[in-house]
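A.B. asks: After the structure tokens below, expect a handful of questions from me.
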Amino acid sequence: MKFNKIFTLALSLLVATAAFADGANKPSPEERANKDYSSWLPAQGDMSIGFSLDPIATFVGNMFNGNVDNALDDWAGEPLLGQELPNSLVSIMGTYMLTDNLAIRANLGFGLFAKKYNQYVQDDAALMIEPLSNAKVIDQIGYKSFSGSFALGVEYRLGKRAVQGVFGGGLNYACGSSSMNFAYGNAITEMNQNPSISDPSLYQSVVPYLPSARPLSIHSADLIHAVGAYGSIGVEWFVAPKIALGANVNLGIYYEINPARAEVYEGWNTLTEAHTTHTELVAPSNHGFHFGTDNIGANLYIAFYFGTK
């Protein structure tokens with residue numbers, strides 16, 4: 001919360017300073033109409049690097065809607081596989097100007113999430129020895145996910161003033177995977193075939209010989225893949241020489257391949273009278289086309305252009 005207040009204060013001071021400077025040095029309508037922006041705009045041979053502002057826009061918006069959990073989390077727009085995996089953590093884009101108006105654009109997005117959650121549960125072994133024992137063991141749930149995307153295309157810009165229209169298209173590829181793993185403090189034994197766990201609802205009757213099994217892992221065996229093409233339309237507003245704020249809308253079509261999903265369980269086998277693990281296939285592989293306004297990299301960004309000459 002302290003960071004949020006500091007950020008809000010800094011943003012307010014920045015806006016107030018900009019407003020004061022704008023009022024003190026405000027040019028006349030004639031001066032604005034005749035201003036030469038040629039040195040502000042990208043030219044042949046320039047390169048740029050850009051970063052998403054989507055999380056900042058979300059943060060600023062949440063400051064005014066009563067959101068008490070506001071934070072600067074994901075530094076990217078929703079990736080191509082946003083419906084299947086968490087958002088990418090980083091989105092970087094770059095361009096190379098072939099002419100003053102035509103450029104090659106690339107975008108790289110990637111994210112890695114790994115976290116473990118621990119919970120106390122009673123120690124069954126200690127409880128068998130001492131009925132009043134308050135000893136505890138730890139159950140653990142681990143989450144892992146990876147997502148990455150790459151887009152390559154061309155863009156064409158129109159306009160010679162501070163605001164330029166930017167139109168483009170290209171090819172993109174995305175991949176990702178996710179998994180959930182469980183570790184338990186109380187072991188399954190002949191004396192304790194249904195040990196205490198932090199979430200008893202996890203126990204399931206997966207197959208007849210495992211009437212009470214608990215999950216060990218939930219995962220996709222292979223990467224999710226998506227490949228396709230996109231079109232983009234947007235604007236860039238040059239707020240200073242070679243520095244632009246950009247916004248765009250993407251329309252894409254891609255082919256997605258989802259691998260089979262499996263769950264691994266453990267339990268006491270009533271046939272063999274032994275601890276057993278079992279792999280349960282819960283979803284077959286599937287594939288198909290998707291058409292829609294998915295976010296390729298970022299919808300709101302800041303770009304910095306550099307001359308190479």
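The values are calculated or read from the model by the stated rules, or taken from the named source; none is laboratory data. Bear in mind the structure is a predicted one, so any value in this text is a computation, not a measurement. Every residue, glycine as well, gets a Cβ built from its backbone with ideal geometry; the counts of neighbours run over all protein chains shown. Each accessible area value is taken on the protein alone, full model and side chains, heavy atoms only, with ligands, DNA and RNA left out. Shrake-Rupley method; radii C 1.70, N 1.55, O 1.52, S 1.80 Å.
A.B. asks: Taking ALA213 as the residue in question, decide whether it is under 31 Å from the mean Cα position of the chain (by Cα) and either more than 22 Å from GLU273 (Cα to Cα) or crowded, with 19+ Cβ neighbours inside 10 Å (or both).
C.D. replies: Considered against the rule, which asks whether it is under 31 Å from the mean Cα position of the chain (by Cα) and either more than 22 Å from GLU273 (Cα to Cα) or crowded, with 19+ Cβ neighbours inside 10 Å (or both), ALA213 comes out as no.
A.B. asks: Then there's this: So how many residues does the range 219-245 have that are assigned to a loop (DSSP other than H, G, I, E, B) and modelled with pLDDT of 90 or more?
C.D. replies: Final tally of qualifying residues: 2.
A.B. asks: Then there is this: From the list PHE110, PHE182, PHE146, exactly one residue is touching a Pro at 6+ places or on another chain (Cβ under 6 Å) and hydrophobic (A, V, I, L, M, F, W, C). Which is it? Give the derivation first.
C.D. replies: Working: PHE110 fails: touching a Pro at 6+ places or on another chain (Cβ under 6 Å); PHE146 fails: touching a Pro at 6+ places or on another chain (Cβ under 6 Å).
Every option except PHE182 fails the conditions.
A.B. asks: Hey, another quick one. Inspect all residues belonging to the range 60-83 and state whether any of them is farther than 16 Å from PHE304 by Cα, open to solvent by 20 Å² or more (accessible area, probe 1.4 Å) and modelled with pLDDT of 90 or more.
C.D. replies: No, the range 60-83 contains no residue that is farther than 16 Å from PHE304 by Cα, open to solvent by 20 Å² or more (accessible area, probe 1.4 Å) and modelled with pLDDT of 90 or more.
A.B. asks: Restricting to the range 98-139, name every residue that is open to solvent by less than 60 Å² (accessible area, probe 1.4 Å) and under 29 Å from the mean Cα position of the chain (by Cα).
C.D. replies: Of everything in the range 98-139, those that are open to solvent by less than 60 Å² (accessible area, probe 1.4 Å) and under 29 Å from the mean Cα position of the chain (by Cα) turn out to be ALA103, ARG105, ALA106, ASN107, GLY109, GLY111, ASP139.
A.B. asks: Return the residues of the range 255-272 that are aliphatic (A, V, I, L, M) and either farther than 17 Å from ALA187 by Cβ or touching a Cys at 6+ places or on another chain (Cβ under 9 Å) (or both); say none if nothing qualifies.
C.D. replies: If the condition is that a residue be aliphatic (A, V, I, L, M) and either farther than 17 Å from ALA187 by Cβ or touching a Cys at 6+ places or on another chain (Cβ under 9 Å) (or both), then ILE257, ALA260, ALA262, LEU271 are the ones that fit.
A.B. asks: While we're on this one: Given the structure, is ARG161 open to solvent by less than 10 Å² (accessible area, probe 1.4 Å), farther than 24 Å from ILE257 by Cβ and modelled with pLDDT of 90 or more?
C.D. replies: On the way: open to solvent by less than 10 Å² (accessible area, probe 1.4 Å): no; farther than 24 Å from ILE257 by Cβ: yes; modelled with pLDDT of 90 or more: yes.
It is false that ARG161 is open to solvent by less than 10 Å² (accessible area, probe 1.4 Å), farther than 24 Å from ILE257 by Cβ and modelled with pLDDT of 90 or more.
A.B. asks: Checking the condition closer than 26 Å to ILE92 by Cβ and of a type in the set (A, V, I, L, M, F, W, C), which residue from ILE224, ILE197 passes?
C.D. replies: Just one listed residue meets the conditions, ILE224.
A.B. asks: Sticking with this one: Determine whether the range 250-267 contains at least one residue that is of a type in the set (Val, Ile, Thr), in contact (Cβ under 8 Å) with a residue 60 or more places away in the chain and open to solvent by 60 Å² or more (accessible area, probe 1.4 Å). Lay out the reasoning, then the answer.
C.D. replies: Start the filter on the range 250-267 by keeping residues that are of a type in the set (Val, Ile, Thr), which leaves 253, 257, 264.
Retained after the next criterion (residues that are in contact (Cβ under 8 Å) with a residue 60 or more places away in the chain): none.
Looking for residues that are of a type in the set (Val, Ile, Thr), in contact (Cβ under 8 Å) with a residue 60 or more places away in the chain and open to solvent by 60 Å² or more (accessible area, probe 1.4 Å), one finds none in the range 250-267, hence no.
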